[in-house]
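Report on the structure given below.
The values are calculated or read from the model by the stated rules, or taken from the named source; none is laboratory data. Keep in mind the model is a prediction, meaning the values are calculated, not measured. Here the Cβ positions follow ideal geometry from the backbone for every residue, glycine too, while neighbour counts run over all protein chains shown. Heads up: the accessible areas ignore ligands, DNA and RNA and are worked out on the full protein's heavy atoms, side chains in. Shrake-Rupley method; radii C 1.70, N 1.55, O 1.52, S 1.80 Å.
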Amino acid sequence: MAEEMTGVQKAAILLITLGPEKSAEIFKHLKEEEIEELTLEIANTRSISPQVKEEVIDEFYQVCLAQQYIAEGGIGYAKELLEKALGEDEAAKVIGKLTASLQVRPFEFIRKTESSQVLNFIQDEHPQTIAMILSYLSPSQAAQILGGLSPELQADVAKRIAQMDRTSPDVIKEVESVLERKLSSLINQDYTIAGGVDSIVAILNAVDRGTEKRIMESLEIDEPELAEDIRKKMFVFEDILLLDNRAIQRVLRDVDNNTVGVALKGANEEVQSVIFNNMSQRLAAMIKEDMDYMGPVRMKDVEEAQQQIVGVIRKLEDAGEIVISRGGGDDLVV
């Protein structure tokens, strides 16, 4: 009977079986539209027979087991173990449900490879291929690879990631097959959505400031609307002007004074004034003196210092100590 149900129906039955507390924890990891769909399905589920409940739980357990096997040794390893435990036909069904329902992500072998090696391997590929691969990597790894591409490629790849929506499984499989032959790695198939503005924002937040500037400047010329959408979700050093005094003072408590001095060497007068006004006169005078004493500073060092401060701001936002309003001109709430 469970085989005739949709994935949403099965998920609703599983959540009902798990109870409200565990279901609430699961809801925290779902998208709003997914929560709405499941809530409606749960509300419309009147009764569940013990047989159906058992079948759904058993299927869920098998899929979780397959996911564990894949994490341990790849999809081939999972298939081999499941065939021994469930038989060839059942194993194929479980693997199929896993790729369609639990979104096994592709390019696992690349995520386990050094970024420098991946860069050497894909930098001559078509920009669309590079964009697709980076979309499936972690933001930090994708940022390292994006930063190593040629300047003319960086903006093109960034644009393609932002504009990417749903990639055909056949295309993913073809690219993975080529990479598999070259790297002798196991493959996964994926049916997930990758890319989009959120994806490129996460990557740009992790790249060095020089790369970020080049990409954004190029996008502002070629794709101004896209650049605006990306910028609304980003926070760069100059955006510190959007913070109120209490937020700036909170940020400065977690930043080394020398880092502040180096960061301000490359800042405009307005930014310098706002930061100095949120310090004691004595501390501001000391940092100004240090800035004069240190003389010329490499732009790379300035950008790294500014990125450290931005990192502190983002960390405080994640901790809920400050809330950054992105876009819309709303005031920042602390």
Check: For the pair Gln51 and Gln117, what calculated FRET efficiency results from E = 1/(1 + (r/R0)^6), where r is the Cβ-Cβ distance and R0 = 56 Å, to the nearest 0.05?
Finding: 0.65
Check: Here are some pairs, Lys213/Lys288; Lys53/Lys93; Lys28/Lys173; Lys28/Lys84; Lys173/Lys315; which of them have Cα atoms lying more than 25 Å apart in this structure?
Finding: Lys213/Lys288; Lys28/Lys173; Lys28/Lys84; Lys173/Lys315
Margin query: Can you compute the modelled spin-label distance between Leu242 and Ala319, with each label point 7 Å from Cα toward Cβ, in nm?
Written below: 2.1
Note to self: Can you give me the accessible area per residue for the range 218-294, using a 1.4 Å probe, in Å²?
What the structure shows: 59
